[in-house]
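Written below as structure tokens is the structure these notes are about.
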Amino acid sequence: MRYKRSIECVRGGVPVPKALACVKEGCTFEMQGNTVEDILAKLKMHAMIAHQMPQLPPDLVEKAKADVR
């Protein structure tokens, strides 16, 4: 059986929350949100504050989109 990994995933008609963990060594931050867009916004804010990254490289954004569970 295959499961969708998109924002349309639902459990009993209710959207399933999305999550993504920071992959920076030593960082235990995990972002949660209702959509991939929520997760990406939180990822950008986390990277800027915790890791002094004013911008995320496009390849990192694409990898993050694919890794959202």
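Tabulated data
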{"item": "Whole-Hz couplings from phi, Karplus 6.51/-1.76/1.60, listed for segment 52-69; x for Gly and Pro", "result": "6, 10, x, 9, 9, x, x, 5, 5, 5, 5, 5, 4, 4, 6, 8, 4, 10"}
{"item": "Environment charge of residue 19, counting only residues whose C-beta is closer than 9 Å and scoring Lys/Arg +1, Asp/Glu -1", "result": "+1"}
{"item": "Potential lengthening between residue 60 and residue 48 on full extension [0.36 nm per residue; Cα-Cα distance subtracted]", "result": "3.0 nm"}
{"item": "For segment 17-58: Kirkwood Rh in Å [reciprocal of mean 1/r, alpha carbons]", "result": "10.5"}
{"item": "Cβ-defined net charge surrounding residue 45, 15 Å radius [Lys, Arg +1; Asp, Glu -1]", "result": "0"}
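Read-outs throughout are calculated quantities, based only on the coordinates presented, and are distinct from any laboratory measurement. Note that the structure is a prediction, hence the values are computed from the model and not measured. A quick note on method: Cβ atoms are made from the backbone with ideal geometry, for glycine too, and the neighbour counts reach across all protein chains shown.
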